[in-house]
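So the structure is just underneath, and the comments pick up after that.
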Amino acid sequence: MKLALSGNEAAAYAMKHINPDVVPAFPITPQTEIMHNFAGFVADGEVDTEMILVESEHSAMSAAVGAASAGARVMTATSANGLALMFEIVYIAASTRLPIVMTVVNRALSGPINIHCDHSDSMGCRDSGWIQIYSENAQEVYDNIIIGMKLAEDMKIRLPVMVCQDGFITSHSIDVVEPLEPETVKNFIGEHKAIYPLLDVENPVTYGPLDLYDYYFEHKRQQVDAMWYVKPTLRQIFADFSKISGRAYDIIEKYFVDDADQVIVTMSSTAGTAKAEVDELRKKGQKAGLLKIKLFRPFPYEEVSEALKNAKHIAVLDRSLSFGADAPLYSEIKSALYNQNKKICSYVFGLGGRDINLEDIKKVFSEIQKLDNTCHDIRFIGLRD
C-alpha cells in the first residue's frame, strides 16, 4: 500500500504501528502536526496509548523518563526551543539508560525567533548520550522510527534515540510512503520488556540517585560501551528490516562515491538535492558523488574513512554552526580523515530555513575541483554580502 504522507504524518503512522504505552507531548512548530495526527489515533481507539498533554517540553521529557522508569514503552516528539527546554532531562534519559524514541523535527534555535529548518537543535544535543539518526525523506522518517524503537530496546544498548527530519522541508512536504502492516511492525520490534521497573514492588530499585565520584565515572564508561554496540546492532536491524520491507539501509549511504573525484558529504533532505545534481554531472562525464550520513551518533568514523579513500576533493555541508569551532559535521569528517591527505572544505548552508538548490550544489562541485589543499575557513552557501 502506498500513501501520500508528509514527514509528520509518516512519523505519526510509525508511532501508531508501534503502539507505545505512553506518549507525553507539548506542541511546537513544526512538530505539532505529529501529535495532532497521533492524538486522532488515540481518540479513535486505534492505539492503546496513554497520551499525556503537559505544560512544557521540560515536563514532556520528565513524564517520558518517569513512564519509561516505571516500565512503559515511551515515545515523544519536539523541535528547536522545545528540545532546548528539555535539555536537562535529555541527559537524564540517556544516563538512566531509558529506551525512549523521540522524533526531532529540526528547526533553528532562537534568537531571533525562527520556525524554519536548520540542525542547531539536535546538534546542541550531540554529546547528550542519545543515538541520532537523520532522515532524507518521509519514507525514511517512518522506517527510522520503527528501526529506532527496536534499536533503543536492544539489551546491549538501552539508550534513547532521536529520529531527525528537516522542519517543513520534510515534515510538511507530501511524499509517497509505503507503510508496513501493523502486525508486521509488532512482530519486528517485539514485545516490550520492562527492565528493572519502578512498579515492581517485589524487587525495589532506585532511579535518579546521587552519584558522586565513587561510582559516577564507571557509569559514564558503561554509556560509552553501550554506544559502541550501536553500529553492529543497527546493521543487523537494517538487514532484518530489509527482509520485511524490501528497503535496504546502512549507517552511511554512498551515491556514486567509489570512483568519484569530488564528493559532497551531508545529511537529511539536502542529500536528495545533491543526488539530483550528481546525476546531472555524471551525464556530463564529471566524477561527482555524494556521501550521506544517516547515523550521526555514534559517528561512523571507520566507515567514512573507507568510503572517502578514493576521493580527491571533499566538501562537507553543514546546516548548523559551532561558534568558535569547526561546523559539527565537518569536524567529524575531518577527524575521520585525519590520516589521509585529503583536500577538504567546510560549507555552511540553509540556516533558518534558507533554501539550497541545484545551482548551489553545482557551484560547490565546481569550487572543490580547484582546491589545492584543505580550506581552513568556513564557506557559506547562499549568504548575502
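Data table
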quantity: Output for the range 318-337, where each listed residue is closer than 21 Å to Met162 by Cα and touching a Ser or Thr at 6+ places or on another chain (Cβ under 8 Å); calculated: Asp318, Arg319, Ser320, Leu321, Ser322, Ala327, Pro328, Leu329, Tyr330, Ser331
quantity: Boolean, Tyr216 is on the phi < 0 side of the Ramachandran plot, in the same structural domain as Trp130 (by TED's automatic domain parsing) and either of a type in the set (Val, Ile, Thr) or surrounded by fewer than 16 Cβ atoms within 10 Å (Cβ to Cβ) (or both); calculated: yes
quantity: Residue match in the range 73-86 (condition: surrounded by 24 or more Cβ atoms within 10 Å (Cβ to Cβ), under 21 Å from Ile113 (Cβ atoms) and of a type in the set (Val, Ile, Thr)); calculated: yes
quantity: Scope the range 98-113; condition crowded, with 19+ Cβ neighbours inside 10 Å and not hydrophobic (A, V, I, L, M, F, W, C); matching residues; calculated: Pro99, Thr103, Asn106, Arg107
quantity: Unmet criterion (only one of (1) without any contact (Cβ under 8 Å) to a residue 60 or more places away in the chain; (2) under 20 Å from the mean Cα position of the chain (by Cα); (3) within 30 Å of Pro209 (Cα to Cα)) for Met75; calculated: (1)
quantity: Yes/no for Lys243 being basic (Lys, Arg), closer than 30 Å to Ile18 by Cβ and out of contact with any helix residue (DSSP H, G or I) (no Cβ under 8 Å at 6 or more places or on another chain); calculated: yes
quantity: Answer residue from the range 246-268, given it is surrounded by 15 or more Cβ atoms within 10 Å (Cβ to Cβ) and more than 20 Å from the chain's Cα centre (by Cα) and is nearest to Asp166 (Cα to Cα) among those; calculated: Val263
quantity: Residue tally, condition under 17 Å from Gln262 (Cβ atoms) and touching a residue at least 24 places away in the same chain (Cβ under 8 Å), over the range 357-385; calculated: 15
quantity: Enumeration of residues in the range 169-187 that are in contact with a Leu (Cβ under 8 Å, 6 or more places away or on another chain) and hydrophobic (A, V, I, L, M, F, W, C); calculated: Ile174, Val176, Val177
quantity: Some residue of the range 51-58 being touching a Gly at 6+ places or on another chain (Cβ under 9 Å) and surrounded by 24 or more Cβ atoms within 10 Å (Cβ to Cβ); calculated: yes
quantity: Tabulated pairs, the range 203-223, first touching a residue at least 40 places away in the same chain (Cβ under 8 Å), second assigned to a helix (DSSP H, G or I), C-beta under 6 angstrom, 6+ apart or interchain; calculated: Tyr207/Ser69
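The values are calculated or read from the model by the stated rules, or taken from the named source; none is laboratory data. Bear in mind that the values here come from a model prediction, so they are computed numbers and not experimental data. Neighbour counts run over all protein chains shown; Cβ positions are idealised from the backbone, glycine included.
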